[in-house]
Amino acid sequence: MSDTAVSAAATVINGKAFAQGLRGRVGSAVEVLKRDHGLTPGLAVVLVGEDPASQVYVRSKGKQTVEAGMNSYEHRLPETTSQDALLAKVAELNADPAVHGILVQLPLPAQIDAQTVIAAIDPNKDVDGFHVINAGRLMTGATGAAAPLVPCTPLGCLMLLKHHLGNLSGLDAVVVGRSNIVGKPMGQLLLAESCTVTTAHSRTRDLPAVCRRADILVAAVGRPEMIRGDWVKPGATVIDVGINRIDAGGGKTRLVGDVAYDEAAAVAGAITPVPGGVGPMTIACLLANTVTAACRAQGLTPPDLNAG
Ligand code: GUN
């Protein structure tokens, strides 16, 4: 399958196909690690409680981990789990040499402080890239053995952007949303690519005008179809991180992004669809991060999985 298709105006950036390719490259890298180094990367995912969306994600992560030839360790803890019990589980996984990556699925129940749990994860196993050490390494541009593990969703967005645009240097990038999971690391990644970055958010004055400056517009606000077609500069590349389920009438629902797709696609140069855009990239990047973490744990240089 081609990784791009042309719609009425904009090129549709096919994240689903790109993610499939990335998972293939991860699988090949895993084969080499097993054959040449006797190393099988292992990813542990911890799910606390019964949140239906989280259960779907965790199942999907486990399945794709195994499909890539890696070991998957799933730990399901009850909704009533105490913070101390979860910290004890994290400590056990930190100490386990077969576990190279640890992901504690968010959100966590109210009795548990997510920041405390994230801080307890060994930064070298923090395949979510949420630990302050990894956030700091990203911000300071650390490289080599000190390079950060980068949060999966913004890493996936960056891969799609570089694949589509090539060199991003000098481009105006506007990121709408300032979460620790997407908006902030996305801004840092684009800055490292020498973009001129604006991080916009709910208090930004005249958000449509700010968005219209963007050569690269990344929407990560979690508000269905908030970004309209007339907020998009003609020819811009639009990356839609939103996954929102809305009422489609007749008792049905459908998924939409943070961008009003049809309007924006009529103006943009390229755009990611929802579903099939950024979404599939997140787990593919999680697998890539797990390979990176496993290699570093063994003193090996991680493979370049970027080349798409
Ligand atoms: N919940 C929704 N997205 C994520 C993610 O990327 N990582 C974790 N740990 N939890 C999530």
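Key figures
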read-out	value
Cα gyration tensor shape for the range 35-103, rounded if a/c is under 1.5, else prolate or oblate	oblate
Residue among Pro154, Val104, Thr40 farthest towards the positive dipole end of the chain, charges placed on Cβ	Pro154
Cα-based convex hull volume of the chain per residue, rounded to whole Å³	138
Range in the chain, longest, excluding exposed trypsin sites (Lys or Arg not before Pro) [loop by DSSP; at most 12 other beta-carbon atoms within 10 Å]	1-202
Total lysine pairs whose alpha carbons fall under 23 Å of each other in the chain (8 or more apart, or interchain)	15
Nearest-20 debye value, the chain charge dipole, Cβ charges on Lys, Arg, Asp, Glu	300
On Cα atoms only, tilt of 83-95 relative to the major axis of the chain in degrees	70
Ellipsoid semi-axes in whole angstrom, largest first, where each is sqrt(5λ) of the Cα gyration tensor of the range 24-170	26, 20, 16
Efficiency of FRET between Thr116 and Leu255 - r from beta-carbon atoms, R0 22 angstrom, step 0.05	0.10
Cα-projected label distance for Thr11 with Glu263, points at 7 Å along beta-carbon direction, nm	2.6
The chain: most fluctuating residue of Leu160, Leu171, Leu103 per GNM, C-alpha cutoff 10 Å	Leu171
In nm, spacing of pseudo-spin labels at Asp84 and Thr40 (7 Å Cα→C-beta vector)	3.6
Rg to Rh quotient for the range 153-308, alpha carbon positions, Kirkwood Rh	1.00
Three-way shape call for the range 199-256 based on the alpha-carbon gyration tensor, with the a/c threshold at 1.5	prolate
Angle between the chain longest axis and helix 15-37 axis [Cα atoms, degrees, rounded to 10]	20
Gap separating the Cα centres of the range 228-303 and the range 75-89, nearest whole Å	31
Of all DSSP beta bridges in the chain, antiparallel share, percent nearest 5	20
Magnitude of the charge dipole, the range 1-151, Cβ model with Lys/Arg +1 and Asp/Glu -1, debye to 20	520
Dipole magnitude (debye, nearest 20) for the range 136-221, charges at Cβ of Lys, Arg, Asp, Glu	220
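Rule-based calculations on the coordinates, nothing more; no lab input. Small disclaimer: the values here were computed from a predicted structure and weren't measured. Using ideal geometry, Cβ is built from the backbone for each residue, glycine included, and neighbour counts are taken over all protein chains shown.
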